[in-house]
Amino acid sequence: MTATNFDIADTRRRARLDTIQRSLNARHARERRFRFMGLAAVVTGLVLVAILFTSILARGLPAFWQATLYLDVYLDPGVIQVDERPVRQAGESPAQFRERELAWLNQLGLVNWNALIDEALKAHLPGEVESRQARDLRALVASGERFALRERVAANPELIGQTINVKMLASANVDVWLKGNIDRNLPDHRQQLSAQTREWADHLEAQGVIRNAFSTALFLNTDSRSSPASAGLAGAFMGSLFMMLIVIALSIPLGVASAIYLEEFAPRNRLTDLIEININNLAAVPSIIFGLLGAAIFIGYLRLPLSAPLVGGLVLTLMTLPTIIIATRAALRSIPPSIRQAALGIGASRVQTVFHHVLPLALPGILTGSILGVAQALGETAPLLLIGMNAFVANVPSSPVDQATALPVQIYLWQGNELRNFFEARTSAAIIVLLGLMLSLNATAIWLRKKFETRW
Amino acid sequence: MTVSVTVPTAMNKRTAQAANVKMSARGVKVFYGENEALHGIDLDIMEHEVVAFIGPSGCGKSTFLRCLNRMNDTIAGSRVEGQVTLDGNDIYDPSLDVVLLRAQVGIVFQKPNPFPKSIYENIAYGPRLHGLARRRAELDDIVESSLRRAGLWDEVKDRLDQPGTSLSGGQQQRLCIARTIAVSPEVILMDEPCSALDPIATGKIEQLIDELSESYTIVMVTHNMQQAARVAHKTAFFHLGDLVEVGDTDDIFTNPREQRTHDYITGRFG
């Protein structure tokens, strides 16, 4: 080979490498851009989630502590003028006794409990409290607390005549005022409390009579309209619990069984294709439609009670079924056919193949899908509005056919409450509780998946 | 016409002693949907014989193999016509229980597919399924003898509780063979049992097949013509859904009757 030929070949080689190098630079740049965009998307997502959580926590956490009065209340026999608590006498029928007991409870109900609380408050207030200031005084205490006092005496009539230690919730407005959730510089006519009540609240707080205490009311009480400070989540929580039990008991067995049949046994024909398409479409149906369906069928046709967790659970079951069926089928499909062939080749029947080999291997996926489906049902609000579960319910439901509401619906109701500056924090607190339940459900899903995972 | 490839001599090759027909196929056609994959296969398989199916990819040899224990049933849209008998009984008889058939005609697949369970459970599954062992001790015996016959016992006897998937590829395939033996089938079908294995593991499996042929009838599909020549008594050449030629392995490789067979084994196509 001559030197010239070599030079030419070398030049060509260099030119070719240059071309590749240039395109390589462009490719690397594209790759960097793509990676940067991906990273930016992830970071943006994380930042937004962080903002969301920070704002919910910042607003909601303070609501777990509430302005609470620690009072010594003298149960003045002069005010509590009631007979002895009736005792069942020989020869008296239960109905007769019940009647006398009710009469006695009625007497207790007529007692001026507020007067007792007022007296206890006055002991801590400077100067004389005039009778025209009674309203200002009442505004300090959550209105429901007088009933709590009554219940305490009704359960324990010997207390009459004694001085007892009582922990009472301050009214919602006092809580708002003391936490600074209302601008302290607003003029009187725009404040929710009178100047006198505000002054007293500050004074009582300074004295240590009003303290910020952990609010058990939030967890133990039901919703309350007359006494917003004592509104709690107990009713909604039980309603949600009943619904979730129904959803778990119905949707997981039904969904998993249908998925196993459709995936492993059903013949492939027009009918199963149609069923498959319908299931996939059902998963995309807006949840409120399921609510309409529930209202029409369960309430309108089957005459099941309104606002009952039973109906809510049935509606949410319908909504969750497609999710579980799809997740289960995907989990079953992900099991390699070689396992099925191995089992069939040894002489296992199809049912044995599915139950001995395929299902155990698919279990982590099935559990994950099911729990995520149930978690979705737990957070569902819209369909419940249509079956009356947004009704105001003042009792904790004791069975799935009692009237109840649900946690997400309670959040929705509180969010719309007119006492904004109190319920804003309350709403966030309820959201924290709901998110906590969600997180624990998801953590369970992850734990179960890890537990049942088989390494290949 | 002489063949240009050197054909290794078959090791310990016995002529089929008994002339009992174990399995027989007459006019077997297989359809996948509209597509006819096999165009009428006639073949007799003698007892204690090792038969190899050779042929280019897609020629229908695996399809035919799977007809012999009705594994094609598990493929959606497949349909089998014609007659296949085991000891004279039609295996496509609607009254026949396919589970019983598969207990008699076991299968080993191309890719080792142990269950993701312990080595012990892999072997014990079949006997337990068919109620072949009443007591734990009997089951232990079956597991040990199956592993011994598959030549795996010494390698795994100290770790029977470890997952079958933790073994090497060759060991996994021998485990699968042991799993098949454990239910004491009469015929063992092998669908390219060595295609995923290295030469040493392949050698072990081939030796195993030779030993097993004393007790079982073995039908294997292979892409490796030397393998067919080494282990099979009879070889059947499939092409485009037809059984072109079947005969004693030596005859097929040294003196094929059909031009297509000759072209294939000399490497003209395939």
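Points to keep in mind about this one:
- Residue in region B:214-225 that is surrounded by 24 or more Cβ atoms within 10 Å (Cβ to Cβ), within 14 Å of another protein chain (Cβ to nearest Cβ), touching a residue at least 40 places away in the same chain (Cβ under 8 Å) and not in a strand (DSSP E or B) present: no
- Lone qualifier among B:Lys29, B:Lys61, B:Lys111 - being basic (Lys, Arg), out of contact with any Phe, Trp or Tyr (no Cβ under 6 Å at 6 or more places or on another chain) and closer than 24 Å to B:Gln226 by Cβ: B:Lys111
- Within region B:55-66, tally of residues that are more than 14 Å from chain A (Cβ to nearest Cβ) and out of contact with any Leu (no Cβ under 7 Å at 6 or more places or on another chain): 5
- Criterion (in a helix (DSSP H, G or I) and surrounded by 10 or more Cβ atoms within 10 Å (Cβ to Cβ)) met by exactly one of A:Arg85, A:Arg22: A:Arg22
- Of the residues making up region B:154-175, those that are of a type in the set (Gly, Ala, Ser) and either away from every other protein chain (no Cβ under 11 Å) or surrounded by fewer than 23 Cβ atoms within 10 Å (Cβ to Cβ) (or both) are B:Ser166, B:Ser168, B:Gly169, B:Gly170.
- One residue alone among A:Leu332, A:Leu367, A:Leu385, A:Leu413 is touching a helix residue (DSSP H, G or I) at 6+ places or on another chain (Cβ under 8 Å), more than 14 Å from every other protein chain (Cβ to nearest Cβ) and more than 30 Å from A:Arg449 (Cβ to Cβ), and that residue is A:Leu385.
- The residues listed here are A:Leu137, A:Leu121, A:Leu125, A:Leu116; of these, the one that is buried (at least 17 other Cβ atoms within 10 Å of the Cβ) and outside any helix (DSSP H, G or I) is A:Leu125.
- Condition met for B:Gly60 (touching a residue at least 12 places away in the same chain (Cβ under 8 Å) and closer than 18 Å to B:Glu192 by Cβ): yes
- Qualifying residue in region B:171-178 (condition: at pLDDT 90 or above, among the small types (Gly, Ala, Ser) and within 24 Å of B:His48 (Cα to Cα)): yes
- Here A:Asp223 clears all of (1) more than 14 Å from every other protein chain (Cβ to nearest Cβ); (2) of a type outside the set (Gly, Ala, Ser); (3) farther than 30 Å from A:Asn173 by Cα; (4) out of contact with any Ser or Thr (no Cβ under 6 Å at 6 or more places or on another chain) except the condition numbered (3).
- Some residue of region A:196-204 being modelled with pLDDT of 90 or more, within 33 Å of the chain's Cα centre (by Cα) and more than 26 Å from A:Leu75 (Cβ to Cβ): no
- Among residues of region B:145-163, those that are modelled with pLDDT of 90 or more and among the small types (Gly, Ala, Ser), counted: 2
- Condition check for B:Asp42: away from every other protein chain (no Cβ under 14 Å), of a type in the set (Asp, Glu) and in contact (Cβ under 8 Å) with a residue 24 or more places away in the chain: yes
- Within region B:176-191, considering residues that are in a helix (DSSP H, G or I) and more than 11 Å from chain A (Cβ to nearest Cβ), the one surrounded by the most Cβ atoms within 10 Å (Cβ to Cβ): B:Ala178
- Taken as a whole, the condition of being within 14 Å of chain A (Cβ to nearest Cβ), on the phi > 0 side of the Ramachandran plot and either over 18 Å from the mean Cα position of the chain (by Cα) or surrounded by fewer than 17 Cβ atoms within 10 Å (Cβ to Cβ) (or both) applies to B:Gly33.
- All positions within region A:177-215 that are loosely packed, with under 14 Cβ neighbours inside 10 Å and in a loop (DSSP other than H, G, I, E, B): A:Gly180, A:Asp183, A:Arg184, A:Asn185, A:Leu186, A:Pro187, A:Gly208
- Looking across region B:113-134, just one residue is modelled with pLDDT of 90 or more, more than 9 Å from chain A (Cβ to nearest Cβ) and not in a helix (DSSP H, G or I), and that is B:Ser118.
- Of the listed requirements (1) of a type outside the set (Phe, Trp, Tyr); (2) closer than 28 Å to A:Leu359 by Cα; (3) crowded, with 17+ Cβ neighbours inside 10 Å, B:Gly151 misses just one: (2).
- Residue match in region A:421-430 (condition: assigned by TED's automatic domain parsing to the domain that holds A:Met244, farther than 20 Å from A:Phe53 by Cβ and loosely packed, with under 12 Cβ neighbours inside 10 Å): no
The values are calculated or read from the model by the stated rules, or taken from the named source; none is laboratory data. Quick caveat: nothing in here was measured; it's all calculated off a predicted structure. Don't worry about glycine lacking a Cβ; one is built from the backbone with ideal geometry, like all the others, and counts go over all protein chains shown.
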